[in-house]
Amino acid sequence: MSILQNKIDFAALISVKMANSNGDPLNGNRPRTDYNGYGEISDVCIKRKIRNRMQDMGKEIFVQSEERAADGFGSLSERASATMGKIKDRDEYAKKACETWLDVRSFGQVFAFKKDNVSVGVRGPVSIHQAVSISPVDIESLQITKSVNGEPSEKRSSDTMGTKHFVRFGLYELKGSINVQLAEKTGFTEEDADTVKECLRTLFVNDSSSARPDGSMEVVKLFWWKHNCKDGQYSSAQVHRSLKVFLREGVTIPACAADYDYEIDGEAIPGLEAEIIDGL
């Protein structure tokens with residue numbers, strides 16, 4: 001497996017319909033928006049979904065969610081201690097962590113555990129922006145009843161009122177890049193890049209919940225730019241700006257992904273072609 005040799009930039013268009021794309025716990029779990037009404041999905045949320053897809057594909061990952069923990073460890077500290085043993089050298093510790101876990105050599109990780117007297121930081125080559133909707137989104141709230149009593153009670157009903165929030169429709173743009181210099185440090189390979197690409201293409205597979213029913217969120221298109229050198233033919237900002245997403249003529253209130261169109265400004269980045277992939 002060869003270490004990544006060419007810088008990569010990518011972007012994805014994500015459709016959200018009647019779903020809570022990313023609830024904000026500081027705002028009653030309403031879908032995240034900025035002050036202008038544009039929807040947001042945090043980079044942390046997206047990385048969690050990528051990690052889940054890595055795990056679905058049989059890859060070893062370090063930051064496992066509680067319901068998906070497959071190795072019997074109840075915390076990151078336990079997982080690190082069992083794998084690292086008594087390694088104290090920082091470089092050796094980081095090297096083994098990157099060799100063991102794909103998410104560490106992709107996103108990086110801070111290992112700071114008192115029990116093992118360890119403090120090691122790893123910078124990963126894969127960087128991801130928060131996703132932002134192309135147009136402002138409408139947030140709707142639905143009053144629901146839910147059963148909360150596990151034991152019989154004469155004083156109150158087993159049902160209580162609750163609220164469910166969702167985005168009626170939004171098309172979000174996600175941007176990211178993969179840095180070759182950091183890939184060389186963590187051992188991130190060409191095969192790892194292909195895994196990240198597949199994770200992005202299938203981002204919402206096995207991700208359904210009450211807030212995100214199957215089919216309510218999908219990756220519509222994935223754009224993948226592979227440069228011809230380590231540092232890149234253009235900056236990531238230039239590459240991302242070359243993708244233009246806009247409402248189709250005559251559409252004022254978008255209701256589906258088909259209400260948008262896109263184009264790539266080839267004159268802005270001559271000599272760099274995008275691989276355009278349909279999402280799943």
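Throughout, read-outs are computed from the coordinates displayed, never taken from laboratory work. The structure presented is a predicted model; accordingly, all values stated were derived computationally and were not measured. Heads up, the Cβs are rebuilt from the backbone with ideal geometry, glycines too, and the neighbour counts pull from every protein chain shown.
Ranked highest first by the average count of other Cβ atoms within 10 Å around their residues, in what order do 73-86, 131-144 fall?
Working: 73-86: 14.6, 131-144: 16.2.
With the highest mean Cβ count within 10 Å placed first, the list reads 131-144, 73-86.
For region 63-71, take each phi angle, set θ = phi - 60°, evaluate the Karplus expression 6.51 cos²θ - 1.76 cosθ + 1.60, and give the result in whole Hz per residue in order, putting x for glycine and proline.
8, 9, 6, 4, 6, 10, 4, 10, 10
Along the charge dipole of region 8-278, Cβ charges K/R +1 and D/E -1, which of Y93, G37, I178 sits furthest on the positive end?
Of the options given, the answer is Y93.
Is there a pair in K114/K175; K47/K221; K59/K95; K59/K226; K47/K164; K7/K59 whose C-alpha atoms are over 26 Å apart, and which pairs would that be?
Beyond 26 Å between Cα atoms: K114/K175.
Which order do peptides 4-15, 105-116 fall in by mean Cβ count within 10 Å, highest first?
On the way: 4-15: 23.0, 105-116: 18.0.
Descending mean neighbour count gives 4-15, 105-116.
For G232, what residues show an amide H to amide H distance below 5 Å, using hydrogens built from the backbone and excluding near sequence neighbours?
Amide H to amide H, under 5 Å and 5 or more residues apart or across chains, G232 pairs with K7.
Across region 228-235, in residue order, what do the Karplus-derived ³J(HN,Hα) couplings come to in whole Hz, using 6.51 cos²θ - 1.76 cosθ + 1.60 with θ = phi - 60° and x for Gly and Pro?
Once θ is set to phi - 60°, the couplings for region 228-235 become 9, 7, 5, 7, x, 5, 9, 5 Hz.
List every residue whose amide H lies under 5 Å from the amide H of A19, counting only residues 5 or more places away in sequence or on a different chain, with H placed 1.01 Å from N in the peptide plane.
Here V167 satisfy the definition.
Residues with beta-carbon under 13 Å from that of E184, excluding E184: net charge, scoring Lys, Arg +1 and Asp, Glu -1?
Working: positive: K7, K95, R105, R123, K185, K230; negative: E190, D192, D231.
Every neighbour counted, the sum reads +3.
For M161, M57, M217, what ranking results if the residue with the fewest other Cβ atoms within 10 Å of its Cβ goes first? Before the final figure, lay out each step's value.
Values: M161 8, M57 12, M217 25.
Ordered by Cβ neighbours within 10 Å, fewest first: M161, M57, M217.
What dipole magnitude, in Debye to the nearest 20, does region 8-278 give about its Cα centre under +1 on Lys/Arg Cβ and -1 on Asp/Glu Cβ? Can you show the working numbers first?
On the way: 36 positive and 42 negative charges, 186 e Å.
With only Lys, Arg, Asp and Glu charged at Cβ, the dipole is about 900 debye.
Read phi for every residue in region 250-264 and hand back ³J(HN,Hα) as whole Hz from Karplus 6.51 cos²θ - 1.76 cosθ + 1.60, θ = phi - 60°, with x for Gly and Pro.
Along region 250-264, the couplings run x, 8, 10, 10, x, 10, 7, 5, 5, 7, 10, 10, 9, 8, 10 Hz.
Compute the signed sum of charges (Lys and Arg +1, Asp and Glu -1) over the other residues within less than 14 Å, Cβ to Cβ, of I3.
Values: positive: K7, K95, R105, K185, K230; negative: E99, E184, E190, E191, D192, D194.
Residues near I3 contribute -1 overall.
What FRET efficiency comes out for the pair D56/E191, r = Cβ-Cβ distance, R0 = 22 Å, nearest 0.05? Don't skip to the answer; put the middle values down first.
Details: r = 17 Å, r/R0 = 0.75.
About 0.85, to the nearest 0.05.
Taking H as built 1.01 Å from N, whose amide H comes closer than 5 Å to the amide H of F204, not counting residues under 5 places away?
So F204 has HN proximity to V219.
Can you tell me the length gained on complete extension of the stretch D24 to E99, counting 0.36 nm per residue apart and subtracting the Cα distance? Mind dumping the intermediate values first?
On the way: separation 75, 0.36 × 75 = 27.00 nm, distance 3.42 nm.
Using 0.36 nm per residue and subtracting the Cα-Cα distance, I get 23.6 nm.
Below 13 angstrom from the Cβ of R241, what's the summed charge of the other residues (Lys, Arg +1; Asp, Glu -1)? Could you put the intermediate results ahead of the total?
Working: positive: K175, K244; negative: D9, E173, E263, D265, E267.
Neighbour charge sum, excluding R241 itself: -3.
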